[in-house]
Amino acid sequence: SLGIMHRDLKPSNVFLTHPGKGARAVIADFGLARPVPNPESESVLTGETGTYVYMAPEVIRHEKYTGAADVYSFGVLLNELASGFVPYSNAHYTPVQVAFGVADRSLRPELASGVDPGLVAVIVSSWSQDQTERPTFVAVTDALDAMAQRSVGRSVSSPARDRKSTRL
């Protein structure tokens, strides 16, 4: 996280460095980004910030939130990449109906089928209703790197591996 919360992770804010092999995903549009608040400080981030279908339950409910809200958004985005479907598109919900369902009833997009069970585990843990139960981005990156190494049979570099594994 590098001490920054993006607060609007979604596919339109993720770009590839170049087409083809060796491309890396980069995050763009930091207009809503804020520093991760110090847990001991009085500073609190609340309020609906971001895009409803990728927004974490605690953000929708106007509760105190941390960088774990970005992990939630990443889980929804990752499921969209794995499934090929925009979240909730098969349910014909309005964005406000999605928001109420996510915040109050643990509504989540339909899980991608036919993908690595490890990927499904990363997705499901990332969109836990309880933000304290979500993995860190370092843990998510490590899990994705391990899956890539198994599927490709070679080492995949990760800048996150050099950072300490702390809760966002």
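Answer yes or no as to whether G118 is open to solvent by less than 40 Å² (accessible area, probe 1.4 Å), closer than 24 Å to K64 by Cβ, at pLDDT 90 or above and outside any loop (DSSP other than H, G, I, E, B).
No; evaluated as a whole, the condition is false for this residue.
With the requirement that a residue be open to solvent by 100 Å² or more (accessible area, probe 1.4 Å), out of contact with any Pro (no Cβ under 9 Å at 6 or more places or on another chain) and at pLDDT 90 or above, what does segment 79-107 give you?
Within segment 79-107, F100 is the sole residue that qualifies.
Among the numbered criteria (1) modelled with pLDDT of 95 or more; (2) open to solvent by less than 10 Å² (accessible area, probe 1.4 Å); (3) in contact with a Leu (Cβ under 8 Å, 6 or more places away or on another chain), which one does G75 miss?
Unmet for G75, out of (1) modelled with pLDDT of 95 or more; (2) open to solvent by less than 10 Å² (accessible area, probe 1.4 Å); (3) in contact with a Leu (Cβ under 8 Å, 6 or more places away or on another chain): (3).
Pick out the one residue from D162, D142 that is open to solvent by 50 Å² or more (accessible area, probe 1.4 Å), at pLDDT 90 or above and not aromatic (F, W, Y).
It is D142.
Can you give me the number of residues within segment 1-34 that are at pLDDT 85 or above, more than 15 Å from the chain's Cα centre (by Cα) and of a type in the set (K, R)?
Matching residues across segment 1-34 total 2.
Taking segment 35-72 only, how many residues are modelled with pLDDT of 75 or more and not β-branched (V, I, T)?
18
The values are calculated or read from the model by the stated rules, or taken from the named source; none is laboratory data. Please read these numbers as outputs of a predicted model, since none were measured by experiment. Glycine also receives a Cβ, built like all others from the backbone with ideal geometry; neighbour counts cover every protein chain displayed. These area figures cover heavy atoms from the full protein model, side chains too; ligands, DNA and RNA do not enter into them. Shrake-Rupley method; radii C 1.70, N 1.55, O 1.52, S 1.80 Å.
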